[in-house]
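Participant: Mind having a look at this structure? Questions to follow.
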Amino acid sequence: MERLAYYGTRMYSEQLGDSQRYTELKHCTVIGLLRGHIFGFGQAVKPQEKMHHVSESVHYDDHDMPFYPGGDPVVCHILELDRFANNADALYTVNGNGKQRKLTPELFGWLRFFREGAAEDFMEKYADTDSCIKKAKKEYEKFIKTQRLREAQLRHDMWLHDRAQEKYDAKEEGRAEGRIEGGRETALATALAMKNDGLSASKIAQYTGLSEDEIAKL
């Protein structure tokens, strides 16, 4: 949740340019697409569990009243994609009373794209003819070809934050050695992804903290 809060508030604050008024800030909705799940963390995913959760910023004294008049400035919609069943007829629990329903065809198509759309043969594999998803796939392919450095920078930033959190957690839990090794595995995986993206060894070393000799062996 800390990561969602951090990147959500970052998006919110980046709306303002130099010397702009705070009143020019607009409502911000964050959609978090998670490969795993944070609700019920540590427990196995069960069939038909809901995958959509909403987190809102509210006043700490009165949780029924938005902090800002007219609505909360930041709302997080969290979609846990490991709960998504690649079955158009699957039922999902939608409330505490056990009510269940299927996804609409449009929502099912988008969730499948969110989880598997990075595959080169995605459109052909599912014979997907949705024009909007086709456009999104085209834009995605364009993005990954032209924004390599930006992606690498984002991975680097996230890796630094994750590594700092891992060290803190390891210290708190008394398992520093295992956590540090996990951090190194993350660095190696990040370096390999950057190398496949065509970044130079010197740039990868700058981003990951690995040596150029270690990168050359990947």
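The values are calculated or read from the model by the stated rules, or taken from the named source; none is laboratory data. All of these numbers come straight from a predicted model, not from anything done at the bench. No Cβ is skipped: glycine too gets one built from the backbone with ideal geometry, and neighbour counts run over all protein chains shown. Ligands, DNA and RNA are excluded from the accessible area calculation, which covers all protein heavy atoms including side chains. Shrake-Rupley method; radii C 1.70, N 1.55, O 1.52, S 1.80 Å.
Participant: Looking only at residues in region 61-77 that are open to solvent by less than 80 Å² (accessible area, probe 1.4 Å) and either at pLDDT below 80 or acidic (D, E) (or both), which one is farthest from C28 (Cα to Cα)?
Facilitator: D62
Participant: Output the qualifying pairs, or none if there are none: Cβ atoms under 9 angstrom, residues six or more apart or on different chains, first residue in region 79-95 and over 14 Å from G40 (Cβ atoms), second residue surrounded by 14 or more Cβ atoms within 10 Å (Cβ to Cβ) and acidic (D, E).
Facilitator: N86/E116; Y92/E49
Participant: Also, I was wondering about something else. If E80 meets every condition in (1) surrounded by 16 or more Cβ atoms within 10 Å (Cβ to Cβ); (2) in contact with a helix residue (DSSP H, G or I) (Cβ under 7 Å, 6 or more places away or on another chain) apart from one, which number is that one?
Facilitator: Going through the list (1) surrounded by 16 or more Cβ atoms within 10 Å (Cβ to Cβ); (2) in contact with a helix residue (DSSP H, G or I) (Cβ under 7 Å, 6 or more places away or on another chain), E80 breaks only (2).
Participant: So, in region 184-218, how many residues would count as being over 11 Å from A152 (Cβ atoms) and open to solvent by less than 30 Å² (accessible area, probe 1.4 Å)?
Facilitator: Residues meeting the conditions: 4.
Participant: Pairs, please: C-beta under 8 Å, at least 6 apart or cross-chain, first residue within 13 Å of L199 (Cα to Cα) and of a type outside the set (V, I, T) and in region 142-162, second open to solvent by 80 Å² or more (accessible area, probe 1.4 Å) and at pLDDT below 70?
Facilitator: none
Participant: Another question, if that's okay. Which count do you get for residues in region 90-104 that are open to solvent by 70 Å² or more (accessible area, probe 1.4 Å) and farther than 17 Å from L79 by Cβ?
Facilitator: Start the filter on region 90-104 by keeping residues that are open to solvent by 70 Å² or more (accessible area, probe 1.4 Å), which leaves 96-97, 99-102, 104.
Next, only the ones that are farther than 17 Å from L79 by Cβ stay: 96-97, 99-100.
Count: 4.
Participant: Within region 120-148, track down each residue that is outside any helix (DSSP H, G or I) and surrounded by 12 or more Cβ atoms within 10 Å (Cβ to Cβ). Break it down into steps so the answer makes sense when it comes.
Facilitator: Step one: filter region 120-148 for residues outside any helix (DSSP H, G or I), giving 120-121, 126-130, 147.
Matches in region 120-148: Y126, D128, D130, Q147.
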